[in-house]
1. Does A:ARG148 fit the bill of being away from every other protein chain (no Cβ under 13 Å) and within 16 Å of the ligand (Cβ to nearest atom)?
2. Looking at region A:170-187, which of its residues are surrounded by fewer than 20 Cβ atoms within 10 Å (Cβ to Cβ) and outside any loop (DSSP other than H, G, I, E, B)?
3. Scan region A:263-276 residue by residue and report those that are buried (at least 20 other Cβ atoms within 10 Å of the Cβ) and either among the acidic types (Asp, Glu) or within 21 Å of A:THR323 (Cβ to Cβ) (or both).
4. For A:LYS146, all conditions in the list (1) open to solvent by 40 Å² or more (accessible area, probe 1.4 Å); (2) in a loop (DSSP other than H, G, I, E, B) hold save one; what is the number of the exception?
5. I need the full set of residues from region A:285-312 which are open to solvent by less than 10 Å² (accessible area, probe 1.4 Å), more than 13 Å from A:LEU91 (Cα to Cα) and modelled with pLDDT of 95 or more, in order please.
6. Restricting the search to region B:3-34, which residues are among the small types (Gly, Ala, Ser) and either more than 7 Å from chain A (Cβ to nearest Cβ) or in a loop (DSSP other than H, G, I, E, B) (or both)?
7. Among the numbered conditions (1) part of a loop (DSSP other than H, G, I, E, B); (2) among the basic types (Lys, Arg); (3) touching a strand residue (DSSP E or B) at 6+ places or on another chain (Cβ under 9 Å), tell me where A:LYS51 comes up short.
8. Just wondering, is there one or more residues in region B:85-108 that are within 29 Å of A:PHE54 (Cα to Cα), outside any helix (DSSP H, G or I) and either away from chain A (no Cβ under 12 Å) or within 13 Å of the chain's Cα centre (by Cα) (or both)?
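The values are calculated or read from the model by the stated rules, or taken from the named source; none is laboratory data. Predicted model only: the values in this text are computed from it and were never measured. Every residue, glycine as well, gets a Cβ built from its backbone with ideal geometry; the counts of neighbours run over all protein chains shown. Accessible surface is based on the protein model in full, side chains and every heavy atom, while ligands, DNA and RNA are left aside. Shrake-Rupley method; radii C 1.70, N 1.55, O 1.52, S 1.80 Å.
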Amino acid sequence: MAEGVAVKEAKELTVVKGVTCPFCGVTCDDLEVHVVDGKIKDVKNACVLGKDTFMHHLEGWATPRIKGKPATIDECIEAAAEILAKAKYPLIYGLDSTELNAQRKAIELAELIGANIDHTSSVCHAPSLQAVQTVGISSCTVGEVKNRADLIIFWGCNPAEAHPRHPSRYSVTAKGLFTPKGKKDRMVINVDVRPTPTTRMADAFIQVKPNSDYEVFSALELNRFTKFQCAPMRGHGNVVGMAQVLTWQTGYPFAVNMSRGYPRFNPGEYSVADLLAHREVDAALIVAGDAIGNFPAKMAEHLQSIPLIAIDPKESGTTKVATVVIPTAQAGIAAGGMAYRMDHIPLVMKKVVDSPYPSDREVLERILAKVSSMKNGGNGAPSPASKGRG
Amino acid sequence: MSERRFTLITGRTTKQGRSIHLGKEATEYLEEISTLQMNPKDVEALQLKDGEQVRLKTPYGSTVVKFKKGDIPQGLIFVAYGGFINSLVGPDTQATGMPNTKGIEVEVERYG
Ligand code: SF4
């Protein structure tokens, strides 16, 4: 590259508009990212969490490794494929901080190797997802909330810290069609076991005892007086997307087992917490999620005792101990795709800068192709249908 | 009284959400996820002084964290999501798939 050109380019500012933030379930799609010379210099419209997601996306980057030794991405993909092709009862887990196409590839891979596939919803929202499956959900989009809701109850959630722009975009100060005066047109109630920063924006705070929500809900009989909509404040990244994709592809939102070649669903058996606590899986692939860093000690212990593959843009408790570490371009920043907002609306995620690493989707695609040829090449790995278990 | 039972609550905080982007080894992040919040009256009852540490214990394990006074009801303690409380959580999910990370009974005592 001629030096003069580089210097000229270095001064050029590109403003990428309409960028979707990959950090929380509010999935703001109005960010403006300022890029200079391939580097993110500023982010407009985001909350502090969103801004930091972009500004610090290069901090703590992972490096490709096999058994702690530096390796190339190609070698890592080969090693990962070998582990997965040989495994008898593998686990694929994580998948919240990535995009829809990577999630689809992970499900395809699970089918090919007869894996258990589960994601973060399992350890954060398993009971609520089962409740939705059992009785259904009376819900609405955040647009409805903004335009119509005149009574908001934040129950056991703390949007002020976990979903910072939810109040201003949708639920408290947002001005909508039938709520033109914003906060003045709404009554905001906060129910929690402790006051939080969210309590400060509420008109009333009701303090309940820990684990007494069921009793309080039952006593309130909310729908006897009006029509309530219910919206889980789904947290991290594209966790809603994984539940959506898994449901449309297998019929089940989490804890899916493919060992018979077709999907089976049984929380308590095929859910990640139980599979690990019972020491059942013999290899694991963790994508875009820090299992070791977040799991109860007993579960983490088993993960560390089996061949473990981590696909992640950043170092984490999981990459630190993984057998194979494959760094990737962070979805929503250095890789494009789709993400689902907490109200199940899919939004486009843009790629705003380049990464020297491939995307999650590409890595999964390449592992899939490798495993597929290993199995077809007849290296002795059992096909899902002929596995002993199940 | 040197040891008391509390209900442990976990959750997200702004500091935890921001500092996680600096990396999981970053001092700011580790500081936030290793600090427990306790009602000032409980701090007094345990005779804790600023800068001291406390040990949290459940049937599954124990961990040592710093404490600070917080706006939290008596009998409850709060720690931000992060690796520090992993050793306190049991793997049983009662067939739901979700380990119980909210409202865990813990014993708290002064450490060191
Ligand atoms: S509220 Fe959530 S999605 Fe919106 S900018 Fe903040 S972190 Fe990003």
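1. no
2. If the condition is that a residue be surrounded by fewer than 20 Cβ atoms within 10 Å (Cβ to Cβ) and outside any loop (DSSP other than H, G, I, E, B), then A:GLY182, A:LYS183, A:LYS184, A:ASP185, A:MET187 are the ones that fit.
3. A:VAL272, A:ASP274, A:LEU275, A:LEU276 - these are the residues of region A:263-276 that are buried (at least 20 other Cβ atoms within 10 Å of the Cβ) and either among the acidic types (Asp, Glu) or within 21 Å of A:THR323 (Cβ to Cβ) (or both).
4. Here A:LYS146 meets the rest and fails (2).
5. Within region A:285-312, A:ILE311 is the sole residue that qualifies.
6. B:SER19, B:GLY23, B:ALA26, B:SER34
7. (1)
8. Taking every residue of region B:85-108 in turn, none turns out to be within 29 Å of A:PHE54 (Cα to Cα), outside any helix (DSSP H, G or I) and either away from chain A (no Cβ under 12 Å) or within 13 Å of the chain's Cα centre (by Cα) (or both).
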